[in-house]
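Take a look at the structure set out below.
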């Protein structure tokens with residue numbers, strides 16, 4: 001099974017390679033890649049956030065076990081795409097002064113804060129940190145919820161199209177509702193006993 | 001139980017927020033009422049308009065029934081401007097999703 005993880009990462013890298021090739025060949029402008037790189041980061045965040053609540057509802061079957069084991073990789077990949085998104089933004093803006101100048105715009109600072117919030121969870125995404133932090137590890141990972149919410153706000157404020165943001169949020173809402181139902185059922189069974 | 005409820009409330013609030021966050025000033029839905037494309041001027045004519053604004057042109061495209069221009073102002077601000085395809089009038093300008101200019105009387 002040792003080849004699975006590199007293969008998984010190879011697949012995750014494909015979109016980034018496509019973007020960078022397009023940039024190198026000059027077939028796309030940096031500004032054209034802002035949307036796809038940001039969207040990719042959000043999608044990976046959704047994929048990282050989904051298996052937890054789904055496993056609470058459906059139980060730890062084989063499929064969800066595999067998905068759960070890939071969760072940290074998905075999270076780190078989401079962070080990597082967020083960094084790529086930032087790099088593309090910096091190339092597009094060109095001047096540091098221009099970046100600083102628009103830092104105070106709501107559509108921009110929400111993106112920055114979302115990225116900053118992803119740093120702590122991403123920085124402790126390895127086994128030894130997980131072991132040594134114990135319960136606190138999970139607490140830090142929850143920063144991702146805030147990062148995800150801010151990413152959607154960032155997207156919404158730039159585009160003013162609420163449908164794409166909603167489409168990315170919808171599966172999570174369903175998963176969270178299922179988890180809430182599972183918890184409610186469990187709490188009910190406990191009190192009934 | 002408290003957690004369940006707060007999770008439910010949070011998800012509902014987020015859905016509602018997103019549903020109602022629909023555009024007060026949606027740049028995605030600018031309508032120029034430009035009519036049939038036969039009467040449209042060539043998009044390349046916009047280059048001069050952009051130059052006259054003092055902007056640095058990045059990209060021009062057709063968006064809905066408008067001409068859309070991505071550019072940098074003299075101050076280095078990233079702007080997204082919509083022009084009427086027939087009159088080439090500058091109708092509305094956005095900076096990172098915020099409206100910074102609207103032509104008098106333009107309601108699209």
- Taking residue B:75 as meeting all but one of (1) crowded, with 19+ Cβ neighbours inside 10 Å; (2) within 14 Å of chain A (Cβ to nearest Cβ); (3) in a loop (DSSP other than H, G, I, E, B), write down the number of the exception. (1)
- Note on the structure: The residue from A:160, A:176 that alone is facing another protein chain (nearest Cβ under 10 Å), surrounded by 18 or more Cβ atoms within 10 Å (Cβ to Cβ) and at positive phi is A:160
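Would you point out the residue of segment B:92-102, among those that are assigned to a strand (DSSP E or B) and within 10 Å of the chain's Cα centre (by Cα), that is farthest from residue B:51 (Cα to Cα)? Explain how you work it out, then say what you get.
If we filter segment B:92-102 for residues that are assigned to a strand (DSSP E or B), which is where we start, we get B:92-95, B:98-102.
Filter again for within 10 Å of the chain's Cα centre (by Cα), leaving B:92-95, B:98-99.
Working: B:92: 17, B:93: 15, B:94: 18, B:95: 18, B:98: 22, B:99: 21 Å.
For segment B:92-102, the residue satisfying everything is B:98.
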- Query: Somewhere in segment A:71-91, is a residue crowded, with 19+ Cβ neighbours inside 10 Å, modelled with pLDDT of 95 or more and within 14 Å of chain B (Cβ to nearest Cβ)?
  - Reply: yes
- Query: Taking into account only those residues within segment A:24-34 that are farther than 11 Å from residue A:86 by Cα and more than 10 Å from chain B (Cβ to nearest Cβ), which is surrounded by the most Cβ atoms within 10 Å (Cβ to Cβ)?
  - Reply: A:28
- Task: Could you list, in sequence order, all residues of segment B:47-62 that are more than 12 Å from every other protein chain (Cβ to nearest Cβ), surrounded by 17 or more Cβ atoms within 10 Å (Cβ to Cβ) and closer than 18 Å to residue A:29 by Cα?
- Result: B:55
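Among the helices (runs of 4 or more DSSP H) confined wholly to segment A:11-125, which include 2 or more residues that are in contact (Cβ under 8 Å) with a residue 12 or more places away in the chain? Walk me through it before giving the result.
Working: elements: A:30-49, A:51-58, A:62-69, A:71-93, A:96-101, A:106-123.
Qualifying helices (runs of 4 or more DSSP H): A:30-49, A:51-58, A:62-69, A:71-93, A:106-123.
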- Task: Considering only segment A:124-143, state which residues are more than 17 Å from residue A:49 (Cα to Cα) and surrounded by fewer than 14 Cβ atoms within 10 Å (Cβ to Cβ).
- Result: A:126, A:127, A:128, A:129, A:131, A:132, A:134, A:135, A:136
- Item | Counted residues, segment A:1-23 - those being buried (at least 17 other Cβ atoms within 10 Å of the Cβ) and over 23 Å from the mean Cα position of the chain (by Cα) | 0
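The values are calculated or read from the model by the stated rules, or taken from the named source; none is laboratory data. Everything numeric in this text was worked out from a predicted model, so none of it was measured. Positions of Cβ are backbone-derived with ideal geometry, glycine not excepted, and every protein chain shown enters the neighbour counts.
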